[in-house]
């Protein structure tokens, strides 16, 4: 005989909100979530809910879980009141990084047998979205919305249990903070790699997994250009364990995969500058053969006797044919850019409207001053620009705060900007023209545009110097008086 429990089901429906069958989650009534951090079982309106077997202990996801679309049970009803025949539970599942659920994500789920399962790949992506891409164990919280389904009617329970924390470790590559180049260019000496460290932004390596290095040549004296990649842990241990290569020994492809197990050396066959880029989230590499690039351009002119060898230079830090540097013109004058410390290289003159020409006349400045010079040989026609600058200090360590610069004075003999001023034990930066378009900060021995604020360890009167004469590394100093 068909049994229905009409009276009990009516009582249950009195505590829930009815929802249209087209969208079971629209216009739903919900109460504040109930959190039970003391155990994995919670009761609500005659039901007892428990964490599913898939998350009742720490979860460490694997590539195999993702590939197989593994189903993970996240919640189940371990006890229910007697329901009308054909009535069953459906669940809405959410995940958050806190029990307050200020930031949460929905998880697609499949409900069956009074339980709900989610896909391992969805859980993996949710954890990385909430916490970042690092493959570390994370404590997350699940919020469950139970819904009674009876034919075409959906009724949501007024209580939404919150379970947690649950521990989940997402799938991801291990990324170290430093990588080094080893090969024929440095004699395969794993104990001496400091001169061949890859550059990185300094941000979280899981948010920015890109590492780059520029080297003048990958070849040794015999024309061999084999190389591998050494992570920091291997370098520190002077061990070949963990060194990265690719599956093919002597691979000359310009792109490829990096592996650890049975790794082989990649190979560069051409001379000249080479740029190598690593994507450690994808474990891939890219080689760019740049070739011969003049790292500096000289700026001879009437202001210094038209002598290239003693002229100021502009410099390309990235070997991208984009040059920059500072030039002090003591008077209105004419000048040129040249690729050599003599007149035997390529000489660049005025091509009109901010362009350069190898057959053009002299360039010129209309008034004396300290100019920021930029040259771009990566475009056609080549271009240049000059910006006159006056430098100063800005920051809460200075008397002008972050609003007004403290002016510095340029000395053409020492080629540095200086000021003697009182500084508090806060921070400051250098900036040009009392504005933020050109500002320098960060390491005093290698200042960068837009770099970090410079801290003053102890309040006092300081002689502050700014030396922009070497475009390869802008420097500054603080000397307490």
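The values are calculated or read from the model by the stated rules, or taken from the named source; none is laboratory data. As the structure is a computational prediction, the values presented were derived from the model and not from experiment. Ideal geometry is used to build each Cβ from the backbone, glycine not excepted, and the neighbour counts take in all protein chains shown.
Right, residue 234: part of a helix (DSSP H, G or I), outside the structural domain of residue 322 (by TED's automatic domain parsing), more than 20 Å from residue 316 (Cβ to Cβ) and over 21 Å from the mean Cα position of the chain (by Cα) or not? Here the answer is yes, as residue 234 does meet what is asked.
Output the residues belonging to segment 258-273 that are in a strand (DSSP E or B) and more than 18 Å from residue 212 (Cβ to Cβ).
Initial filter on segment 258-273 (in a strand (DSSP E or B)): 259, 264, 266-267, 273.
Scanning segment 258-273 gives 259, 264, 267.
Determine, yes or no, whether residue 347 is more than 26 Å from the chain's Cα centre (by Cα), buried (at least 16 other Cβ atoms within 10 Å of the Cβ) and not assigned by TED's automatic domain parsing to the domain that holds residue 413. So residue 347 fits the description; yes. Report yes if residue 116 is surrounded by 19 or more Cβ atoms within 10 Å (Cβ to Cβ) and under 31 Å from the mean Cα position of the chain (by Cα), otherwise no. So residue 116 does not fit the description; no. Every test in (1) loosely packed, with under 15 Cβ neighbours inside 10 Å; (2) farther than 18 Å from residue 219 by Cα is passed by residue 316 save one, and that test is (1).
Scanning segment 389-421 for residues that are under 16 Å from residue 467 (Cβ atoms) and free of Cβ contacts under 8 Å to residues at least 12 places away in the same chain yields 409, 411, 413, 414.
The residue that is nearest to the chain's Cα centre (by Cα), counting only those in segment 152-191 that are closer than 27 Å to residue 279 by Cβ and surrounded by fewer than 17 Cβ atoms within 10 Å (Cβ to Cβ), is 177.
Tell me, please, whether a residue that is surrounded by 15 or more Cβ atoms within 10 Å (Cβ to Cβ), under 33 Å from the mean Cα position of the chain (by Cα) and either at pLDDT 95 or above or not assigned by TED's automatic domain parsing to the domain that holds residue 429 (or both) can be found in segment 350-357.
First, the residues of segment 350-357 that are surrounded by 15 or more Cβ atoms within 10 Å (Cβ to Cβ): 350-351, 355-356.
Next, only the ones that are under 33 Å from the mean Cα position of the chain (by Cα) stay: none.
No, that holds for no residue.
Would you mind stating whether residue 51 is over 21 Å from residue 129 (Cα atoms) and modelled with pLDDT of 90 or more? Answer is yes for this residue. Of the residues making up segment 274-330, just one is out of contact with any strand residue (DSSP E or B) (no Cβ under 7 Å at 6 or more places or on another chain), closer than 27 Å to residue 438 by Cβ and not in a loop (DSSP other than H, G, I, E, B), namely 310.
Each residue in segment 422-444 was checked for being without any contact (Cβ under 8 Å) to a residue 24 or more places away in the chain and part of a strand (DSSP E or B), and 1 pass.
Residues in segment 51-98 that are assigned to a loop (DSSP other than H, G, I, E, B), closer than 30 Å to residue 282 by Cα and either touching a helix residue (DSSP H, G or I) at 6+ places or on another chain (Cβ under 7 Å) or not assigned by TED's automatic domain parsing to the domain that holds residue 122 (or both): 4 in all.
Residues in segment 358-373 that are within 21 Å of residue 412 (Cα to Cα), in contact with a strand residue (DSSP E or B) (Cβ under 6 Å, 6 or more places away or on another chain) and surrounded by fewer than 15 Cβ atoms within 10 Å (Cβ to Cβ): 1 in all. For segment 160-229, the strands (runs of 3 or more DSSP E) that sit wholly inside it and include 2 or more residues that are modelled with pLDDT under 95 are 161-169, 210-215.
Taking the conditions (1) touching a residue at least 60 places away in the same chain (Cβ under 8 Å); (2) more than 29 Å from the chain's Cα centre (by Cα); (3) closer than 18 Å to residue 181 by Cα in turn, residue 277 satisfies each one other than (2).
Which one of these is within 34 Å of the chain's Cα centre (by Cα), surrounded by 21 or more Cβ atoms within 10 Å (Cβ to Cβ) and in a strand (DSSP E or B): 126, 140?
On the way: 126 fails: in a strand (DSSP E or B).
Only one candidate passes the filter, namely 140.
Residue-wise test of (1) assigned to a strand (DSSP E or B); (2) assigned by TED's automatic domain parsing to the domain that holds residue 457; (3) buried (at least 18 other Cβ atoms within 10 Å of the Cβ); (4) on the phi > 0 side of the Ramachandran plot.
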| residue | (1), (2), (3), (4) |
| --- | --- |
| 384 | yes, no, yes, no |
| 399 | no, yes, no, no |
| 404 | no, yes, no, no |
| 417 | yes, yes, yes, no |
| 420 | yes, yes, no, no |
